[in-house]
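Accompanying notes for the structure given below.
Here, each number is a calculation from the coordinates, and none is a lab measurement. Note that the structure is a prediction, hence the values are computed from the model and not measured. Virtual Cβ from ideal backbone geometry, glycine too; neighbours counted across all protein chains shown.
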Amino acid sequence: ADAAFPELSDSWTIEAWVKPNTVAEHNTLFDIANGADSGIDLLILSGGRIEANTTSGESPETASGIITADTWQHIALVADPTDADDKLRLYVNGTFVDFTTEDDSFTGGTFSGDFYIGSRNPGHGTPVWMDGNIDEVRVWNVARTEAETNASMSVEMATQPTPASLVAYYSMNGVGQT
């Protein structure tokens, strides 16, 4: 696996800066493995769509053109199973993006296991890699708001005091990530 991963239960946020070389094919941003299966993964699909796959069977997807090739973009996936309307929320460059196909029956649960950055769990079937760059991967044990995401998305966390709710951080600046 790419990195050790803390257990996440119920509400959480995973965010990163991404720069795909192409949006003509699938790109994996991250995958939390639960054994041989994926607990949850986030993919960039052809046409610049984003899809989240969960063990609950949901695969919400955005419209085309949300992500563009050769451009740095900030993506945050927020899980909040207590929210009546948006149990899984997506922010791109700090702005809420609605999933156009969505099953809002996401119930949360516990996600733990290996954390793959830029690749899918090898036990999940056909490998899907990220063709591009990923930077500043952050894992929070809270459902962050749009305002919180906007306030910190352009701040390199390595230069800041570590908030208690930031449970994993991968600056991608070299070895020795925490």
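Points to keep in mind about this one:
- Gain on full stretching of the segment that runs from residue 173 to residue 135 - 0.36 nm per residue minus C-alpha separation: 12.9 nm
- Over the range 13-85, equivalent-ellipsoid semi-axes from the Cα gyration tensor in Å: 21, 14, 12
- Rough spin-label spacing in nm, given labels placed 7 Å along Cα→Cβ, for residue 19 and residue 160: 2.1 nm
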